[in-house]
1. For the subset of region 153-194 comprising residues that are part of a helix (DSSP H, G or I) and open to solvent by 10 Å² or more (accessible area, probe 1.4 Å), which member is nearest to Lys287 (Cα to Cα)?
2. Checking Lys103 against (1) more than 16 Å from the chain's Cα centre (by Cα); (2) surrounded by fewer than 24 Cβ atoms within 10 Å (Cβ to Cβ); (3) farther than 22 Å from Lys90 by Cα, which single condition isn't satisfied?
3. Give me a count of the residues in region 333-388 that are open to solvent by 10 Å² or more (accessible area, probe 1.4 Å), of a type outside the set (Lys, Arg) and under 20 Å from Gln51 (Cα atoms).
4. Which residue out of Asp418, Asp402 is within 19 Å of the chain's Cα centre (by Cα), at pLDDT below 95 and not in a loop (DSSP other than H, G, I, E, B)?
5. Could you please find all residues in region 418-463 being farther than 18 Å from Leu216 by Cβ, surrounded by fewer than 16 Cβ atoms within 10 Å (Cβ to Cβ) and of a type in the set (D, E, K, R)?
6. Inspect all residues belonging to region 211-222 and state whether any of them is surrounded by 22 or more Cβ atoms within 10 Å (Cβ to Cβ), under 17 Å from the mean Cα position of the chain (by Cα), in a strand (DSSP E or B) and touching a residue at least 24 places away in the same chain (Cβ under 8 Å).
7. Would you point out which residue out of Gln394, Gln412 is open to solvent by 20 Å² or more (accessible area, probe 1.4 Å), under 30 Å from Ala441 (Cβ atoms) and either touching a residue at least 24 places away in the same chain (Cβ under 8 Å) or more than 19 Å from the chain's Cα centre (by Cα) (or both)?
8. Exactly one of these conditions fails for Gly113: (1) at pLDDT 95 or above; (2) assigned to a helix (DSSP H, G or I); (3) over 21 Å from Pro372 (Cα atoms). Give me its number.
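The values are calculated or read from the model by the stated rules, or taken from the named source; none is laboratory data. Because the structure is a prediction, the values reported are computed rather than measured. Note: ideal-geometry Cβ built from the backbone for every residue, glycine included; neighbour counts use all protein chains shown. To get the accessible areas, we keep the full protein, side chains included, count just its heavy atoms, and leave off ligands, DNA and RNA. Shrake-Rupley method; radii C 1.70, N 1.55, O 1.52, S 1.80 Å.
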Amino acid sequence: MPRYFTTPSSAALSRRGFLAATGALTLATTLSACGGGDDSSGGTSAKRVSQADIDKAMKTPTELTFWTWVPNIDKEIALFEAKYPAIKVKAVNAGQGVAHYTKLRTALKAGSGAPDAVQIEYQAIPTFTITESLLDLGPYGATALKSTFVDWTWAQVSGSNGEIWAIPQDTGPMGMLYRKDIFDKHGIKVPETWDEFAAAARKLHKADPDVYLTNLAANEAAAWHGLLWQAGAKPYATSGNGDITIDVDSPVSQKLGAYWGGLAKEGVIGTEPDFADSWYAALNKGKYATWITAAWGPAFLSGSAKATAGKWRAAPLPQWDAAKPTSGNWGGSTTAVIKNTKNPIAAAMFAQFLNGDPASAKMFATEQFFFPATKALLSDPAFVDDAPSFYGGQKVNQVFADISSTVNSRFQWPPFLDQAATDWTETVGKSLADKTDTVRALGTWQSRLTTYAEKQGFTVTTS
């Protein structure tokens, strides 16, 4: 039965989403090479590695280096080593977030010191594919794993020319956690639409000025992108020749800006920074009646708001169109292989086993408490039927498993996500905190990000 972690390090890991800003790259000199790989990097023209070569490599004594921030991952590695005794894997924690990606970029630039395999978040993949740093895993048999994983996760790791840049490990489909006791006290039903959510926000805060329906953190670009994703926005789109479409000020974005900016101006939602002491205290004392979060949120909250045990429940996000349920994603990561590894076969097979082997994938769910990316686990009664007392015996995993099937598979990330997140915080996020014009701030975000992309050598268009 899945348990829920409570340690600070595990909690921080579970919300890694955007908090691992990937760091800017100087891209102008690499844009001419962004149109997919050659025979050595993969792509549709890459030659499939023969089974004979795979068998030989997996019987050849080899040591792989794997950079990962996942705690206690030696347990999953042991499963791999038991199947392939000739291959030893050395797990190295190179840091989390900025530290992890900075060290990786430094090693890649130096041409030495990079690992064979590496943990990479979904949104960070374009940062490394545009510099041709990752190995296409397709020729190494990864295409056979497509049906193993939730469709939208496979889209996140796939290239425009059929490349497979990484293997999904965990996910963060977005939903809503809510205080049932507060809802019951004030006669609020679980909102199914965003209009109902706004009405509930006004009703609740009027009835009790010390309580807000939710907090949309002004420092959390991750949540905003997840809400964009749910609403069907396409803020970024890149092509192989260095063109990028930036449309963070689209009509869909403006709809979100008007909605959330309006609620912030009215003072009926909070906008304080999340994952700070005051925010933790607010959750424990009942200042916020909901938390718009991701599938890792239930585990995180049960360790961070123990005073509220038994009072929370889970539900899907409110919808813009109740007839077409959809959600976005916030968080999750993958295992990728560095293109210049001296052990491509062993590293590729490791990445596939680590996340695709049923026993290893299940261990991530039961040992590290990750929310699964595999279809099998998301339908496994041992996982979805878990009914933690913190949520009043509700089958929370089932709620988020159902939500996972509604995540749109077409959302894309830019190869400079760190800049996008920074610019969002200094424009849109600031407008929420200051209760100024959020729609206008979207235009500033668009302008700043466009200028940055052009300076990096991109040809920028808007849709």
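1. Within region 153-194, the match that is nearest to Lys287 (Cα to Cα) is Ile182.
2. Of (1) more than 16 Å from the chain's Cα centre (by Cα); (2) surrounded by fewer than 24 Cβ atoms within 10 Å (Cβ to Cβ); (3) farther than 22 Å from Lys90 by Cα, only one is false for Lys103: (3).
3. 9
4. Asp418
5. Glu454, Lys455
6. no
7. From the options Gln394, Gln412, the qualifying one is Gln412.
8. (2)
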